[in-house]
Amino acid sequence: MGYKVQVIAEVGVNHNGQIDLAFKLIDVALNAGADVVKFHASIPKLNISTVAVKADYQLSTTDPNETQLEMCEKMTLSFEELRKLKTYAEKREIKFLATPFDIVSIDYLDKLGLDCIKVPSGDITNLPYLRRIGELNKEVIMSTGMSELSEITDALNIMNDSGTERSKIMILHCNTEYPTPYEDVNLRAMLTIRDELGVRVGYSDHTPGIEVSIAAVALGAEVIEKHITLDRNMLGPDHSSSLEPDELKAMVNAIRNIEKAMGDGVKRPSPSEKENMPIARKSIIAATNIKKGELLSEKNLTVKRPGTGISPMNWDKVIGTAANKDYEEDNLIES
């Protein structure tokens, strides 16, 4: 396969604004074998207006009487809390990542020393935001929910023109519906992004299960991002499309197995199957008792296991030759 798939366990806002819950979710990510744990960095009043409405999925999983701004303010961690979470994650030896939702948050994450910034789908058409990201010249992971290929191209060009090398930008195919219906995933679009734009690709998965993430790895995703929660029944906009601890662990294990299974693409017998070759393959065998000097023919020869004698691929060469010894039925013919 040539690379290890980076698994991002996204906490997002599934801490519900409680830092103690956030600490627990870092442990969940670590114990499941994820490579990265991701949070949101935001000053809600800087990126959400008072007239912004909630999405339908948010209305069904949070207080329908509050605005989007009020909802996000309740679920936002302070910069100081994010610093504490980063320190904890580093101590536990799991990489800390965050998605900034405004320019002030971008600058804070830069000050915090993050070497990679995650761009959310909603800001793929935000020129000032993308320009600031580009000026930092860091590694970038950008989700592409709700976007056209032309919009992805524009975002790439803005960041590139602002100072970030194209090779530093990883593009995640994504669908911004929580949970995403399987018929809306369009996983092949990930390959279109890779082939048309010449970039590295991954998949940000909002489907209910783990199957699509595993399929994305088999198709060539280098990054998989998946929301995590302690309990899908908790109140909050993203819990219902998130994985619980055991599910996350199962997904990571499956991805690691797929990494091993992909191989190098060279078709040859594997070390584990070589010992089965003489057992499963066949040889040219005496179909009847044969006397020395008797001509070998289709009447007195057959093909059977084991594969320790003359290969049946030499059948035409053997037919018509004289037996070099006496053979009993089922003896392997010798050259």
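The values are calculated or read from the model by the stated rules, or taken from the named source; none is laboratory data. Values in this document were obtained by computation on a predicted structure and should not be read as measured data. Please note: Cβ atoms are built from the backbone with ideal geometry, for glycine as well, and neighbour counts cover all protein chains shown.
Tabulated results
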{"read-out": "Members of segment 46-58 that are modelled with pLDDT under 90 and surrounded by 16 or more Cβ atoms within 10 Å (Cβ to Cβ)", "value": "Lys54, Tyr57, Gln58"}
{"read-out": "Residue selected from segment 307-335 under the condition among the polar types (S, T, N, Q) and closer than 13 Å to Lys291 by Cβ, by the criterion surrounded by the fewest Cβ atoms within 10 Å (Cβ to Cβ)", "value": "Asn324"}
{"read-out": "Some residue of segment 274-290 being on the phi > 0 side of the Ramachandran plot and surrounded by fewer than 15 Cβ atoms within 10 Å (Cβ to Cβ)", "value": "no"}
{"read-out": "Where a residue in segment 47-58 is closer than 22 Å to Leu127 by Cα and its partner, wherever it lies, is in a loop (DSSP other than H, G, I, E, B) and modelled with pLDDT of 95 or more, with Cβ under 6 Å and at least six apart", "value": "Asn47/Phe101; Asn47/Asp102"}
{"read-out": "Index of the failed condition, Arg256 passing every other in (1) charged (D, E, K, R); (2) in a helix (DSSP H, G or I); (3) over 13 Å from the mean Cα position of the chain (by Cα)", "value": "(3)"}
{"read-out": "Tabulated pairs, segment 193-213, first closer than 22 Å to Asn257 by Cα, second among the aromatic types (Phe, Trp, Tyr) and surrounded by fewer than 18 Cβ atoms within 10 Å (Cβ to Cβ), C-beta under 7 angstrom, 6+ apart or interchain", "value": "Thr207/Tyr182"}
{"read-out": "Search result, residues across segment 53-73 that are in contact with a Ser or Thr (Cβ under 9 Å, 6 or more places away or on another chain), part of a loop (DSSP other than H, G, I, E, B) and among the polar types (S, T, N, Q)", "value": "Thr67"}
{"read-out": "Answer from Glu222, Glu244, Glu165 - the residue that is more than 16 Å from the chain's Cα centre (by Cα) and over 17 Å from Val11 (Cα atoms)", "value": "Glu165"}
{"read-out": "Among the residues listed as Thr125, Thr50, Thr76, the single one being in contact with a Leu (Cβ under 7 Å, 6 or more places away or on another chain) and in a loop (DSSP other than H, G, I, E, B)", "value": "Thr50"}
{"read-out": "Flag for Leu85 being at pLDDT 95 or above and either under 21 Å from His227 (Cα atoms) or not in a helix (DSSP H, G or I) (or both)", "value": "yes"}
{"read-out": "Positions within segment 274-318 being closer than 15 Å to Asp330 by Cα, in contact (Cβ under 8 Å) with a residue 24 or more places away in the chain, among the aliphatic types (A, V, I, L, M) and not in a loop (DSSP other than H, G, I, E, B), in sequence order", "value": "Ile284, Ile285, Ala286, Ile290, Leu301"}
{"read-out": "Hey, Asp20 part of a helix (DSSP H, G or I) and without any contact (Cβ under 8 Å) to a residue 12 or more places away in the chain or not", "value": "yes"}
{"read-out": "Residue in segment 92-115 that is farthest from Gly202 (Cα to Cα), counting only those that are in contact with a Lys or Arg (Cβ under 6 Å, 6 or more places away or on another chain) and assigned to a strand (DSSP E or B)", "value": "Phe96"}
{"read-out": "Strands (runs of 3 or more DSSP E) wholly inside segment 141-228 that include at least 2 residues being in contact with an Asp or Glu (Cβ under 6 Å, 6 or more places away or on another chain)", "value": "200-205, 223-227"}
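Yes/no per residue for (1) in contact with a Pro (Cβ under 9 Å, 6 or more places away or on another chain); (2) under 21 Å from Ile158 (Cα atoms); (3) of a type in the set (Lys, Arg); (4) buried (at least 22 other Cβ atoms within 10 Å of the Cβ):
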residue: Thr76; (1), (2), (3), (4): yes, no, no, no
residue: Phe79; (1), (2), (3), (4): no, no, no, no
residue: Ile103; (1), (2), (3), (4): yes, yes, no, no
residue: Asn126; (1), (2), (3), (4): no, yes, no, no
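Let's see how each residue does on (1) buried (at least 16 other Cβ atoms within 10 Å of the Cβ); (2) modelled with pLDDT under 95; (3) touching a Gly at 6+ places or on another chain (Cβ under 9 Å):
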| site | (1), (2), (3) |
| --- | --- |
| Ile152 | yes, no, no |
| Ala155 | yes, no, no |
| Met159 | yes, no, yes |
| Met190 | yes, no, yes |
| Val199 | yes, no, no |
| Ser204 | yes, no, yes |
| Ile210 | yes, no, no |
| Met234 | no, yes, no |
| Ser241 | yes, yes, no |
